Structure formats: C-alpha cells, structure tokens
1. Would you kindly derive the ³J(HN,Hα) couplings of the stretch 226-243 from the backbone phi angles with the Karplus curve 6.51 cos²θ - 1.76 cosθ + 1.60 (θ = phi - 60°), listing them in order in whole Hz, with x for Gly and Pro?
2. How would Tyr304, Tyr271 rank on accessible area, largest to smallest, probe 1.4 Å?
3. Scan around Gly434 for amide H atoms under 5 Å from its own, H built in the peptide plane at 1.01 Å from N, and keep only partners 5 or more places away or cross-chain.
4. Using the heavy atoms of the protein chains and a 1.4 angstrom probe, tell me the accessible area per residue for the stretch 350-402 in square angstrom.
5. Could you tell me what fraction of 2.2 N^0.38 Å the Cα radius of gyration of the stretch 261-351 comes to, as a two-decimal ratio?
6. Of all the accessible heavy-atom surface of the stretch 222-297, with the other protein chains kept in place and a 1.4 Å probe, what percent is carbon and sulfur?
7. Suppose accessible area is computed on protein heavy atoms with a 1.4 Å probe; arrange Thr228, Thr239, Thr348 from highest to lowest.
8. Calculate one ³J(HN,Hα) per residue across the stretch 270-278 by plugging θ = phi - 60° into the Karplus curve 6.51 cos²θ - 1.76 cosθ + 1.60, and present them in order as whole Hz with x for glycine and proline.
Amino acid sequence: MRHLIPVLLLATACAPSLQYRQDAAVAYGFSAPCGQGPFTLSLRLKGARWGEKLAIGGFAPHAVVGRYTIKLDGKRVSEGQFATEHIVQNGTYASLQGDQKPDNQRCVERPAAVALEPVAPPPSLPVEPPPPWQPPPLAWQAPPPPYAVPVPAAPVPPPLPDPPKAVVAAQLVALNPGESVADGSRNFRVASFTWPSVDLIGTPQIAPDAVLEITLWSEEPNDWDGATLQWVHEVAEPTVPEAEYIAYLHKERREAEADAKRRQEEANREYQERQAEANRKNAARQKRCDEHHDDEDCWGKGGYDAYVASWNAPRPQPKPVVPVVVAAPVVTAPQPRPPEGPPPVAQTEMPPPQPSLHAEWVAGYWQWTGFAWFWLGGWWRVPQQDLVAQATMVAPAPPPLVQVEVAPPPPLPDAVWLAGAWYWDGRIWLWHSGQWTLPPRPGLLWHAPTWVIDGRGVRLVPGVWGEVVRLR
C-alpha cells in the first residue's frame with residue numbers, strides 16, 4: 001500500500017491538461033501626472049479553441065482609487081472598483097486596507113483660503129513708460145577710408161516668451177516592451193477574465209476577433225506620476241496533441257458519468273431503506289393510538305374524546321374588514337446618488353500666462369456633485385514664497401479696461417462665478433474669460449486678481465479664496 005501512493009501521484013501529474021501561454025502583454029504610461037479618465041483600452045480577442053485569459057493591473061507609487069467598466073462587442077459584461085493594495089515607502093512595505101482614499105493632493109488642492117486684512121488702495125498713478133532705447137556713445141576712432149562706411153550694430157532685442165499652449169488631459173501612452181511591469185511589482189489589480197471552452201471538442205466561448213473594451217475612470221483625479229498600467233493576454237493549449245487530449249476528455253467524461261450513476265444508485269438505495277423504516281414506525285404508532293384512546297401522547301390532553309370535541313366546537317367568526325385610507329405619497333427632494341458611469345472626456349484648456357515665478361498649473365477635472373458631473377476649470381497654484389517675495393507677474397503699464405462679460409446661468413446653487421481678468425504674457429495683454437466653479441468649502445468668497453503699482457511697475461496680485469473683502 002505504501003508503494004501505491006507515489007504511483008497514483010505520478011499518474012495524476014502526467015495526465016493531459018491545459019496550460020496557458022502568454023500571447024501578448026502591453027504596458028502603458030500616463031502623459032500627465034494627474035487625470036481621472038476615462039482611459040479606454042481595446043483588445044481584439046483570439047477566439048482560442050481551448051480558452052483564453054486576460055488580466056489587467058499595474059503599479060502606482062501612490063494610493064490610487066477608481067472604477068472600471070468592461071464591454072465585450074459593445075455589451076457591458078462587468079464593472080467594479082480598483083484600488084492600490086500596497087505601496088513601498090522608504091524601503092518599507094505598507095499594506096493598504098479598508099476604505100481607501102486616493103493620494104491626490106497635488107491634483108485637487110485648490111488655492112488655500114486666507115484671512116485677508118483690509119488694505120488701503122494705493123494711488124492709481126500712470127506709470128511712465130521706459131525711455132526708448134538709445135545706442136551707447138561711441139569712442140573716437142580714426143576716420144575710416146573713403147571706401148569703408150562703418151554702420152553701428154543694431155540692438156538685439158531680448159527673446160520673447162513662448163505664447164500659452166493648450167493643456168490636454170492625461171492620456172495613456174504605450175511603453176516599450178522593456179518598460180513593462182514585472183509581475184511581482186504590480187500593486188493594484190483591475191480585473192481578470194477566463195473564457196474556457198464550452199465542450200469537449202474545443203468550441204471557443206468567444207468569437208474570433210471579438211473586441212474587449214476596458215474603461216478606467218475615477219470621481220477625482222488620481223496622481224498617476226510614475227504609474228504604469230498593463231494587460232496580459234494568455235491562450236490555453238493542451239499539453240498533448242489535440243486528438244489525444246479530446247480522447248482523454250471523453251474518457252474522463254465516461255468515467256465521471258459512471259461514477260455519478262453509481263453514487264446515485266447508492267443514494268437511492270439508502271433513501272428507500274430509510275423510508276421503509278419510517279413507514280414501519282408510523283404504522284406501529286397508528287396501531288397503538290387506535291387501540292388506546294386514553295393515550296395523551298397520541299390524542300393530546302383529555303385523550304380521544306377531547307380531541308373529537310375540539311373539532312366539533314364552534315369556530316370564531318372572522319372580524320369585519322376595516323377599509324384602510326392610504327395617505328397621498330409624500331414628494332421628497334431628490335437625494336444625491338453615486339455616479340452611474342465615467343465622467344465626460346476632459347476639456348482642453350488654454351491656461352493664462354504663469355502668474356508667478358514658481359507657480360504650478362493644476363489641470364481641471366470633472367467633479368461629481370451627487371446629481372451630475374461639473375467641470376472644475378484648471379488653476380495656477382501660487383506658492384506662498386512667491387507671494388511673500390512679491391515674485392509675481394510684472395507688466396510695464398496698467399492693463400486695458402475690464403471687458404464686460406455676461407455670465408451664463410449657474411449650473412449649481414453653490415457655484416461661484418470667477419470673473420475674467422487681464423494677464424501679461426511678456427509682450428501683449430491676454431484676456432482670460434470667466435467661468436463657474438465651486439469654492440474649496442462653503443461660505444468662502446473669491447477675491448479676483450488685481451494689478452497694483454509698485455517700484456518695479458505694475459505687479460499682479462493673484463486671486464485667492466477668503467472671508468473678508470480685500471480693498472485693493
């Protein structure tokens with residue numbers, strides 16, 4: 001008996017089976033550090049005879065949270081959520097469990113609310129334009145010969161700054177094969193699918209050239225800086241020739257059917273034996289009760305006579321039905337609900353010129369309000385060091401008159417209108433149109449950007465959210 005177990009294990013290990021071979025693996029990076037999608041991937045399946053697999057996941061150095069939707073030939077087949085499972089910080093492995101929040105402060109942090117002191121407005125005096133350029137005086141030189149006429153060199157103007165460029169939303173960018181994510185480094189999984197064969201002769205479950213579409217999105221922008229997304233497609237193949245594998249499957253099916261038939265017959269025999277025993281016990285009890293009318297175990301308290309009397313006693317009459325007046329339904333205000341699908345495609349933005357030396361542009365994104373998607377336009381994040389050092393934009397002269405704008409109806413009750421403003425791009429004045437937005441928190445007021453006169457010219461004071469009115 002001791003020598004039988006290794007033989008059985010060896011026979012099991014050598015049995016024909018299916019193995020999955022990697023057919024393709026593609027990795028993607030992100031064109032911008034912040035984005036909420038929708039990011040869409042399309043894969044044309046093989047319709048492999050014995051089945052195929054697909055796994056979608058990736059690596060993110062920050063905590064990311066999002067949702068996905070899977071469609072097969074345009075029909076939704078799956079949807080769900082994904083999140084970072086673990087991260088490594090300073091060489092330490094940290095597991096992320098529970099209700100995760102994305103680590104996306106750099107992508108959603110709005111201009112901070114500050115308490116502003118009232119400041120008296122400075123005198124609005126015109127700024128004298130700088131004097132026209134004059135060539136420096138030339139030192140005396142010997143008179144040139146008649147045939148040589150010296151011409152002073154023309155001044156070289158300083159280079160002009162590049163004009164503002166449109167900011168396009170983050171997109172997926174295919175990486176080179178060498179930049180793919182190793183299996184051991186993935187720290188978030190989106191979804192995985194397996195489509196096995198539907199019968200013993202290898203009929204595929206998926207039609208050849210079926211298109212699988214994966215859409216990833218999130219309610220807030222994720223920080224995708226340094227992140228990679230990857231899908232891996234595998235195809236099933238028998239470990240032996242297909243004819244041998246099909247014969248093996250049919251043999252396994254016959255053995256399984258014979259074993260199931262044997263077990264069913266044993267179960268039927270056991271059931272019949274138990275049923276016969278139960279019938280014998282019921283017949284013996286019925287005989288005993290018929291012969292002993294005073295047996296309260298058979299007839300209850302008082303024996304057979306009390307049992308018969310209880311059946312002949314009058315039955316209570318049913319109570320009359322009282323009509324129920326149904327009150328009119330109460331109409332309640334609609335309640336916020338989670339989003340039912342991804343946000344629209346991110347809008348292409350034309351940011352105004354950079355307002356300060358170290359300002360950082362934060363791209364706009366869609367925010368779910370509980371009822372609809374609302375577009376929050378991008379903004380310049382001006383660091384405190386630039387405000388303290390007054391290292392903001394300087395123009396040679398005051399801006400033109402403010403343009404008159406007609407604000408469209410507010411999309412939400414809490415929306416705040418940010419009026420348009422003039423910005424100096426180093427050569428001309430550019431008007432940046434107004435837009436609706438949401439304050440960082442309820443009750444804050446928007447103090448629009450202004451231009452003030454100081455010793456260097458006309459300096460920009462960036463707009464901020466505050467609680468008092470700024471007098472400048």
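1. x, 8, 9, 10, 8, 10, 10, 10, 10, 10, 7, 9, x, 7, 10, x, 4, 4
2. Reading off the accessible areas and sorting them downward yields Tyr271, Tyr304.
3. Amide H to amide H, under 5 Å and 5 or more residues apart or across chains, Gly434 pairs with Gly420.
4. It amounts to 48 Å² per residue over the stretch 350-402.
5. 2.78
6. 46 percent
7. Thr348, Thr239, Thr228
8. For the stretch 270-278, the Karplus curve yields 4, 5, 4, 5, 5, 5, 5, 5, 5 Hz.
The values are calculated or read from the model by the stated rules, or taken from the named source; none is laboratory data. Bear in mind the structure is a predicted one, so any value in this text is a computation, not a measurement. Virtual Cβ from ideal backbone geometry, glycine too; neighbours counted across all protein chains shown. The accessibility values were calculated without ligands, DNA or RNA, using every heavy atom of the protein model including side chains. Shrake-Rupley method; radii C 1.70, N 1.55, O 1.52, S 1.80 Å.
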